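To start, the structure under review is shown below, and the notes come after it.
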Amino acid sequence: MAAAGSVEADARGDRRGGPVVKATGLRLALQTAVLMLAFSVSGQAQEAMAPAKGGLEAKLEYCKTCHGLSGQGYLGYFPMPRLAGQQPEYIEAQLRAFIERRRTNPIMFNVAHVLSPSMVTALANHFRNLNPPPFGGAPRGAIAAGKKIYEEGLPESNVPACSACHGAEGKGQNEIPRLAGQVYPYMVGQLTGWKQQRGHGTAVDTSAVMAPTAHNLSRSQVEAVAAYVSYLK
Amino acid sequence: MKRIGLKTAILAILASTVSAISSWAGESAAVRNCTWCHGAGAQGYTVAPRLAGQRPEYIMSQIRSFREHARNNPFSKQYMWNAVAALDPYTARDLASYFASLPPKPANDGDSALASRGRTIYLEGIPEANIVSCYACHGPNAEGVRDIPRLGGLSYSYLKGRLEQWGQGYHSTPGSPMPMVATHLGPEEIEALTSYLSFVR
């Protein structure tokens, strides 16, 4: 939360060169301005792509190439997570984690390091408002077992209920991600490979909670939880 | 007259190569109908891409796209729409798995001076210009996965044509992100990428 706030403050500071006042109103005005600019540029984009290249619209297309045309996720050589409906603070926090190598992913490192703070905010707000149906495709056999783990945890294995942080409907909050509708192989990959990919930031980010939790889940328990949340809307 | 003689000779060579690999395919008129254009051992020939080593799900999805006229570039219209019109789904599946099983050879027809630039774009994209990493979907060695095609070793001229055609508004598989990818690629990036890919084994 604090870190996400400071990014916004930086963005505002750059533009105004002064202290932060009437933050919400200003932020809204700024976002509206950015959006209007992006749309006016995209109107001319049919003729010449060049002016749109730095714009929000072009960057959104870039994101959606891999993350699904409606942000619903996609299966490339690697599974690409759903961004639709995702918490903006989570998206911002993860983009920072890629840059600071707390989350290991060479592709996303390259993607993230050219994004300005104001672009990150605009992208995150766009994805928050998308609501396509879940990507689907997960095996259905273990959904009931997954629901039980999600709602009650596994006290004998020191696994807390997922719903305690991610919410009963899997919508997440602030830096805690939405899991509802998340792509199944992506979820399985993250939970089984947590330590290698996301275990470097346990001192500073929410990985402190998830690293031991993921470690305490067996493969079949991971698959059950992943299948359950992948069908949540 | 001379042309007919040449074609017969090619056909004879084809038939003998192919039959050495698979007895089913060797006898199959369906395979010969493909390799007539797609080359001996299905290694590709001018505008007809290599099918050897291609992902079977991709071959099937493209056959479907030709049949439904979704893949609509000029050569597809001229050749492939008719070529698949009478192909039943079982034969299509057998052909796809047969061609997928043939060992692919790289075309090696790109500009080797551009290959290292192409490799960088393939792996990293150009984030500043909204050019995505090809690697994310097509894999570390351009081997493809499921219905995402293998690109490694396909000919420079074929790949270049495909990338240019997406930018020109031709379609392939419904829902494919490729038209969006291609609109951001300039001629220089296309040259580099396709050169690199032509050398990948």
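The values are calculated or read from the model by the stated rules, or taken from the named source; none is laboratory data. Keep in mind the model is a prediction, meaning the values are calculated, not measured. Ideal geometry is used to build each Cβ from the backbone, glycine not excepted, and the neighbour counts take in all protein chains shown.
Of everything in the range B:37-51, what is assigned to a loop (DSSP other than H, G, I, E, B) and more than 10 Å from the chain's Cα centre (by Cα)? Give them in sequence order.
B:G39, B:T46
Applying the selection to the range B:139-165, what residues are within 10 Å of another protein chain (Cβ to nearest Cβ), small (G, A, S) and either without any contact (Cβ under 8 Å) to a residue 40 or more places away in the chain or within 18 Å of B:T183 (Cβ to Cβ) (or both)? Of everything in the range B:139-165, just one residue is within 10 Å of another protein chain (Cβ to nearest Cβ), small (G, A, S) and either without any contact (Cβ under 8 Å) to a residue 40 or more places away in the chain or within 18 Å of B:T183 (Cβ to Cβ) (or both), namely B:G139.
Within the range B:110-133, being buried (at least 18 other Cβ atoms within 10 Å of the Cβ) and of a type in the set (D, E, K, R) holds for B:R119, B:E124.
Going through (1) buried (at least 19 other Cβ atoms within 10 Å of the Cβ); (2) facing another protein chain (nearest Cβ under 9 Å); (3) of a type outside the set (S, T, Y); (4) not in a helix (DSSP H, G or I) one by one, B:A136 falls short only on (4). Taking (1) among the basic types (K, R); (2) within 17 Å of B:E57 (Cβ to Cβ); (3) away from every other protein chain (no Cβ under 11 Å) in turn, B:R119 satisfies each apart from (2).
Of the candidates A:G201, A:G141, A:G153, A:G189, the single residue that is surrounded by fewer than 19 Cβ atoms within 10 Å (Cβ to Cβ), at pLDDT 95 or above and under 18 Å from A:A97 (Cα atoms) is A:G189.
Residues that are among the hydroxyl-bearing types (S, T, Y) and facing chain A (nearest Cβ under 8 Å) within the range B:166-187 comprise just one, B:T183. Between A:R96, A:R102, which is more than 11 Å from chain B (Cβ to nearest Cβ) and either assigned to a loop (DSSP other than H, G, I, E, B) or in contact with a Leu (Cβ under 8 Å, 6 or more places away or on another chain) (or both)? After ruling out the rest, the residue left standing is A:R102. Of the numbered criteria (1) over 17 Å from A:V229 (Cβ atoms); (2) surrounded by fewer than 21 Cβ atoms within 10 Å (Cβ to Cβ); (3) more than 14 Å from the chain's Cα centre (by Cα), the one A:K59 fails is (2).
Just give me the residues in the range B:147-201 being outside any loop (DSSP other than H, G, I, E, B) and of a type in the set (V, I, T), in sequence order.
Step one: list which residues in the range B:147-201 are outside any loop (DSSP other than H, G, I, E, B), which gives B:148, B:156-167, B:178-183, B:187-199.
Those that are outside any loop (DSSP other than H, G, I, E, B) and of a type in the set (V, I, T): B:I148, B:V181, B:T183, B:I190, B:T194.
Mind checking whether some residue in the range B:89-108 is closer than 25 Å to B:V200 by Cβ, touching a Lys or Arg at 6+ places or on another chain (Cβ under 8 Å), within 14 Å of another protein chain (Cβ to nearest Cβ) and assigned to a helix (DSSP H, G or I)? No, the range B:89-108 has no match at all. The set of residues in the range A:62-103 that are small (G, A, S) and in contact with a strand residue (DSSP E or B) (Cβ under 6 Å, 6 or more places away or on another chain) comprises A:G68, A:G73.
Here is a list: A:A124, A:A145, A:A138. Which entry is under 26 Å from B:L123 (Cα atoms), among the aliphatic types (A, V, I, L, M) and away from chain B (no Cβ under 14 Å)?
On the way: A:A145 fails: under 26 Å from B:L123 (Cα atoms); A:A138 fails: under 26 Å from B:L123 (Cα atoms).
Within the list A:A124, A:A145, A:A138, the selection yields A:A124.
How many residues does the range B:187-201 hold that are over 15 Å from B:S112 (Cα atoms) and in contact (Cβ under 8 Å) with a residue 12 or more places away in the chain? Here the count works out to 0.
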